[in-house]
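Structure, as structure tokens:
The values are calculated or read from the model by the stated rules, or taken from the named source; none is laboratory data. The shown structure was predicted, so the numbers you read here are calculated from the model rather than taken from an experiment. Positions of Cβ are generated from backbone atoms using ideal geometry, with glycine treated the same way; all protein chains shown enter the neighbour counts. Heads up: the accessible areas ignore ligands, DNA and RNA and are worked out on the full protein's heavy atoms, side chains in. Shrake-Rupley method; radii C 1.70, N 1.55, O 1.52, S 1.80 Å.
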Amino acid sequence: MIAQPKASHFVDGAYVEDVAGAAIDVIFPATGEVIARVHEATPAILDRALASARRAQGDWARTRPVDRARILRRAVDLIHAQAEDLAQLETLDTGKPIQETRVADWPSGADALEYFAGLAPTVTGQTIPLGQDFVYTLREPVGVCLGIGAWNYPSQIACWKSAPALALGNAMVFKPSEVTPLGALKLAEILVQAGLPAGLFNVVQGRGAVGAALVTDPRVDKVSLTGSVPTGQKVYAAAAAGVRHVTMELGGKSPLIIFDDANVEDAVGAALLANFYSTGQICSNGTRVFVQKGIKTRFLDRLKARTEAIVLGDPRKDDTQLGPLVSAAQLDKVMGYVAQARDQGGRVVTGGNRAPIKDGFYIQPTVFADVTDDMTLACEEVFGPVMAVLDFEDEAEVIARANATEFGLAAGVFTADLARAHRVVAQLQAGTCWINAYNLTPVESPFGGVKMSGVGRENGHAAVEHYTQIKSVYVGMGPVDAPY
Ligand code: NAD
């Protein structure tokens, strides 16, 4: 199994190593084997990364957007040309099934590069007539952006952050999660191969302390974090001290509401996707599945049957549908939530145990029914394949209960009554809602949270707001009328 990167960091257009930084072992979650080792960035590496980003950014901002876009589109072609190798690396880094990493991770990242390459040349300012005088506005890059990633979609996150940043004339220093450090290095390699000038996309490795050191560096103009709410609170506060721009993509406990009149097979399919894709390690997962009482028995019967048919195993195999959790620590955390749910009166419909596989961080796909709003399983983000099914009677009740959470990342509604679907969605407190669908996040659609789930939006035209800033230029066309 070969996953060893050429070096730990990618700075100023090339791989660099500094073994003075603490070692981080990269573990293949399906076996527990160490497949690579990287070193945390030392202050010297961080300094080089930030200095090169600062140096490169000015010329890049002055480069024609179509010329910037051409480089990003070349990177898209390079990603597609080595799609299978990249999918395999992502599977090693995360433990996610190859059938997912082939279609979701890098392909979605490539979509972001292609989308923002197309969008960037269309971004313009305004002219504002003032009689004889006028104002024009410029949309300028923010400068040097810091990206900090989570471990669940490491390469997609690196692309979702760097694509708008680079397309719109910024530089980026990216710190991947210490759990999954490999994909971002590949992205840096590909971007340079596509012609991106040195210094514009740097990757530095490290744990939280490395991220924290970067957030407060005066050379950073903007911070974009994907991570948990507690990390988001720390990073947002640290960024505020320097009045830096932020995008915060944080956690969720999203409701998926299934009304009596929904198509049962579609609703079950969505609930499975909303809880078991990526072994349940998705921020927008619909982990509170509210099922109206009239459909409950039929729903649970089909849910149990389809859950028990899921193929769990080695994520490198083509037919595996569910892989291990990302780490031993995550497995412990998820098993802790399962035990607590049992203690608090949740009824196990299926699963509830570690999977009978010798090595690796596997858990059975698990469904709890009769979950109530006060149970920990209904309140906290588990980040594992553990579904909570809750009953409800009517529309007003379910809306109130769906919104009774500090999170507000996503929500889903299944019903044949489209008027009701739109009425419910209008009242849900969530950044992204799906009607008769779940967890589809095309790059064209803005993505992000309300309440504690985040600030700002990734993807879509909305991302332009977060990677540019407006300069207003007042042009005086006549004599200066001074009263002095
Ligand atoms: P995490 O919060 O533990 O870590 C996220 C990143 O922040 C890591 O790179 C980590 O090293 C870094 N970090 C930790 N402390 C820091 C500090 N003080 N300063 C700067 N950086 C610091 O999250 P995780 O466990 O890697 O990922 C899972 C979480 O991410 C879940 O809560 C999930 O919902 C969330 N997530 C959100 C989205 C979204 O788009 N909203 C997408 C994916 C994951």
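Between the amide H of D260 and those of Q292, distances stay under 5 Å, these residues lying 5 or more places away or on another chain, with hydrogens modeled in the peptide plane.
Put the Cα centre of segment 421-447 next to the Cα centre of segment 240-268 and the gap is 8 Å. Here the contact order of segment 14-90, divided by its residue count and restricted to Cα pairs under 8 Å and six or more residues apart, works out to 19 percent.
Can you tell me the 0 to 90 degree angle between the C-alpha axis of helix 296-308 and the longest principal axis of the chain, rounded to 10? Taking the Cα atoms of the chain, the angle to 296-308 is about 80 degrees. Under 13 Å from the 7 Å Cα→Cβ point of Q132, by amide nitrogen: which residues of segment 456-484? Residues passing the 13 Å test: 476-482. With θ taken as phi - 60° and the Karplus curve 6.51 cos²θ - 1.76 cosθ + 1.60 applied, the whole-hertz 3J(HN,Hα) list for segment 460-477 is x, 4, 4, 5, 4, 4, 9, 10, 9, 9, 9, 10, 9, 10, 8, 10, x, 9 Hz, x standing for glycine and proline.
The calculated P(r) of segment 367-475, using every Cα pair and 10 Å bins from 0, goes 12, 37, 33, 12, 5, 2, 0 in percent.
Each part gets one Cα centre, and for segment 1-48 versus segment 75-106 those centres are 20 Å apart.
Across the accessible surface of segment 334-484, with the other protein chains kept in place and a 1.4 Å probe, carbon and sulfur atoms take up 54 percent. Per-residue ellipticity at 222 nm, computed for the chain from helices alone with -39500 (n - 2.57) per DSSP H run of at least four residues, works out to -11500 deg cm²/dmol.
With all protein chains in place and a 1.4 Å probe, the accessible surface of segment 1-129 carries 51 percent carbon and sulfur. Once backbone amide H atoms are built at 1.01 Å from N, F174 has G147, N202, V203, V204 as its partners under 5 Å, excluding neighbours fewer than 5 places away on the same chain. In degrees, nearest 10, range 0 to 90: what is the angle between the Cα axis of helix 182-193 and the longest Cα principal axis of the chain? The angle comes out at about 40 degrees. Karplus-derived 3J(HN,Hα) values for segment 287-294, using 6.51 cos²θ - 1.76 cosθ + 1.60 with θ = phi - 60°, are 8, 10, 9, 8, 10, 5, 4, x Hz; glycine and proline are entered as x. Report, to the nearest 10°, how far helix 418-427 tilts away from the longest principal axis of the Cα atoms in the chain, using its own Cα long axis and a range of 0 to 90°. Once rounded, one gets 60 degrees. Across segment 238-344, the relative contact order, built from alpha-carbon pairs under 8 Å that are at least six residues apart, equals 24 percent. The listed residues L113, L78 rank as L78, L113 when sorted by accessible area, largest first, using a 1.4 Å probe.
What is the gain in length, in nm to one decimal, between E33 and A198 on full extension, counting 0.36 nm per residue of separation less the C-alpha to C-alpha distance?
Residue separation times 0.36 nm, minus the Cα-Cα distance, leaves 56.0 nm.
Across segment 111-120, coupling constants 3J(HN,Hα) worked out from phi with the 6.51/-1.76/1.60 Karplus curve, θ = phi - 60°, read 4, 5, 4, 5, 5, 6, 4, x, 6, 4 Hz, and Gly and Pro carry x.
If R0 is 56 Å, the Cβ-Cβ spacing of S228 and Y484 corresponds to a FRET efficiency of close to 0.45. Determine which lysines satisfy two conditions relative to K358: a Cα distance under 30 Å, and not lying fewer than 8 residues away in the same chain. Within the straight-line limit of under 30 Å, K358 reaches these lysines: K96, K304, K317, K333. Distant-in-sequence amide contacts of E33, defined by a placed amide H-H separation under 5 Å and a gap of 5 or more residues or a different chain, comprise F28. Roughly how many Å is it from the Cα centre of segment 173-193 to that of segment 341-411, as a whole number? If you average the Cα positions of each part, the centres end up 33 Å apart. Suppose each label sits 7 Å from its Cα in the direction of the beta carbon; what would the A83-A240 distance come out to in nanometres? Going from the A83 label point to the A240 one covers 4.4 nm. Expressed per residue, the C-alpha convex hull volume of segment 207-347 stands at 167 Å³. Charges on Cβ only, +1 for Lys and Arg, -1 for Asp and Glu, centred on the Cα centroid of the chain; of F290, L185, S155, which one is farthest towards the dipole's positive end? The residue sitting farthest along the positive end of the dipole is L185.
Using r as the Cβ-Cβ distance of D260 and Q344, and R0 as 25 Å, what FRET efficiency do you calculate, to the nearest 0.05?
0.40
Surface exposure of the chain, expressed per residue as accessible area with a 1.4 Å probe, stands at 39 Å².
Computed on the chain, with alpha-carbon pairs under 8 angstrom and 6+ residues apart, the relative contact order is 18 percent.
Shape index of the chain: Rg/Rh, with Rg the Cα radius of gyration and Rh the Kirkwood radius from the inverse mean 1/r over Cα pairs, equals 1.01. On the accessible surface of segment 163-274, probed at 1.4 Å, how many percent belong to carbon and sulfur atoms? Reported share for carbon and sulfur atoms: 60 percent.
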